[in-house]
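Values quoted throughout were computed directly from the atomic coordinates according to the rules given, and no laboratory measurement underlies them. Quick caveat: nothing in here was measured; it's all calculated off a predicted structure. All Cβ positions, glycine included, derive from the backbone under ideal geometry; neighbour counts span all protein chains shown.
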Amino acid sequence: MKISHWILALSIMISAVSCIQKEAPNAECDILTVTLPDDDLNRSPIIENDRVTMIVKNHVNISELAPEFQLTPGATIAPPSGTMRDFTYPQTYVVTSEDGEWNKTYTVSVQRNNIINLKYSFEDVKTVQTLQGGSYDEFLSVTEDEQTHRRDTMFWASGNPGFALTNGKNGPSTYPTFQTSDGKVGNCVELITRSTGPWGLMVSKPIAAGNLFIGKFDMNNAVAKPLQATRFGTPFTSVPRYFSGYYRYTPGETYQNWNESAKKLETVPGKLDECNIYSVFFESTDDMEYLDGSNVLSPDNPNIIAVARLSDSQRQATPDWTHFQLPFVFRPGKEIDPDKLANGHYSLTIVMSSSADGDFFSGAVGSMLLVDEIEITCQ
Amino acid sequence: MAAQTDRPSSIDKSIALGLEYEVNAGINLGGASPLPLPVEIREINSYMPLLNMQIGANVIKWLDREHKWGIKAGLRLEVKGMETKATVKNYGMEIIQNDKKLSGKWTGHVQTRYSSQQLAFPVVGLYRINKRWDINFGAYVAYAFKNSFDGYVYDGYLREGNPTGNKVTFEDDAQATYDFGDNLRRFQWGLQCGGAWKALNRLSVNANITWGLNDIFESSFKTVSFNMYPIYLNIGFGYIF
């Protein structure tokens, strides 16, 4: 009996009970990609956790579409991929995981160019239940086509789904973005810059500015690439001239700057937080279908056609409801191509934030922005 | 040997009573491991035993004249620790901070560091095969006076709540830390067996396996969905008076 024998005996014992088991079948049930035959899509489909939006070209007959889905390996979908269905109204699909334990119901809808409303009063919200047991508001606006009476729902995007990860069982008014009854008329949207607590600090996202925008919040990027998580824009087939509405703004008490290299918030004495409200009209190209937090206001972004934004002085404290009317300022040399416009190659976004530097996790906790009765006026 | 003549008379008396005394020191190599490995663990990417020191003292009572059979009891001050990196798939995790709970299924990498400082009381039966070899088998109870179990997840993704929940990717330097140190059990017990080889008259080389039989976590703690047992090989030296 030598020590090496003991070590051998121990390793045999441990390995006998510690073998890596055969991999379990997949438990996930995701739609990964959606395709339509004949190049019918105008741009990439928007795939969220339980919603798919296919943005189709103008000529497409949406009452007969047979989308093909690519799923998590091993998962199945009902009705099956390639089934012809009438997408005049949203259709549901159920995806079941490979292990059969989990399934998810997706709402798949078709969006034609320019379904967005031009006026928003923030009267309608859907309460989203989080998996942690809480809930938050999701703003929506419904448009009805005068001839067909077809109703389309546009969901506003916000960072709420990201905040939900660490907000436990709390309700809508604890989130950065929620509905309140203190509107200019009826209800309005309230945006508050929140601390994300120890968790947010852990993933270097110590504050969350209240935000609301037209586009999509991509949860998948929320932690690793937050600037890419805010995807701005939706197809727009008119030329916008003015962006108007009402707002109130109260900056929070202490402005803090996020020092990325030191991983901490540093108080900036004397600095007051600013809000941000703007709309951007831009061209969607294959390499840039949407704008995101890294380029939505970039002066050198070649896709941006025109921007309507609160001026520096308008972004300061504004305790009473104040009207704003912002012209879309066209960038030098930018012109509208009527064919592209008609075919849905231009997009529009509206963005509101309670802390202008919120995308870089700087701002004052408690900054509060209320916005109501906004409107885009077109040519 | 000269040393034998220097022996204090009290020890001579002890020998007459069939008692021997021993002090020992060594290191612990091993880890806290689920048995068997759960299906969620796809690969152990790295394992570091850490430098886990152990010191102890024992009393041996021989039960017969020939000193064939005996009982050994004592106490042992030791550290049990390890550091591992594993790749997991659909691994349940839950982090609680300030009463807020984040739970979900993680697929990706997990780093874990475990360290427990313990005072253990072993009692073993002893059998002397020959002049040079002893073997022993018995049990121990231990009190962990300082515990830590922490780590982080990285390079992977979380499904919020369950596999149908929102998918959140962590990559580059994005990571989420966890700390379950407060949920470790204070009292542990287990079996141990081993052998000693007398290299010199007073000096022995020892090798013992301690096999924990209760989960390192308190039974009320459910976040780590499987039990983990501390299994260590102790290698060291003993000095017999």
| request: Taking the Cβ of each residue in B:L102, A:L348, A:L118 as the centre, tally the other Cβ atoms inside 10 Å and list the residues starting with the fewest. | output: A:L118, B:L102, A:L348
| query | When chain B is treated as a GNM, springs tying every alpha-carbon pair under 10 Å, which of B:D64, B:D179, B:D150 comes out with the largest mean-square fluctuation? | reply | B:D64
| query | So which residue, out of A:V351, A:V239, A:V185, gets the largest mean-square fluctuation from a GNM of chain A using Cα contacts under 10 Å as springs? | reply | A:V185
| Put a dot 7 Å past each Cα toward the Cβ at A:D300 and A:I20; how far apart are the dots in nm? | 4.6 nm
| Potential extension, A:H149-A:D39 segment - 0.36 nm per residue separation minus Cα distance | 36.9 nm
| message | Rounded to the nearest angstrom and ordered from largest down, what semi-axes does the equivalent ellipsoid of segment B:93-172 get from its C-alpha gyration tensor (root of 5λ)? | response | 45, 16, 12
| field | segment B:126-175, relative contact order in percent, only Cα pairs under 8 angstrom and at least six apart counted | value | 24 percent
| query | Once you sort the root eigenvalues of the Cα gyration tensor of segment A:229-379 as a ≥ b ≥ c, which label holds: rounded (a/c under 1.5), prolate (a/b larger than b/c) or oblate (the other case)? | reply | oblate
| Out of segment A:186-268, which GluC sites (Glu not before Pro) are coil in DSSP terms and have no more than 16 other C-beta atoms within 10 Å? | A:E253, A:E260
| Pick from A:G171, A:G82, A:G358: which is most flexible by mean-square fluctuation in a GNM of chain A where alpha carbon atoms under 10 Å apart are linked? | A:G82
| said: With 10 angstrom as the radius, rank B:Y239, B:Y140 by how many other C-beta atoms surround their C-beta, starting from the fewest. | reply: B:Y239, B:Y140
| request: Over segment B:19-238, calculate the relative contact order: mean separation of alpha carbon pairs under 8 Å at least 6 apart, over the residue count, as a percent. | output: 21 percent
| remark: Quick shape check on the protein assembly as shown: root eigenvalues a ≥ b ≥ c of the Cα gyration tensor, a/c under 1.5 is rounded, otherwise prolate if a/b tops b/c, else oblate, and it reads prolate
| Among rounded, prolate and oblate, which fits segment B:19-238 when a ≥ b ≥ c are the square roots of the eigenvalues of its C-alpha gyration tensor, a/c under 1.5 means rounded, and a/b larger than b/c means prolate? | prolate
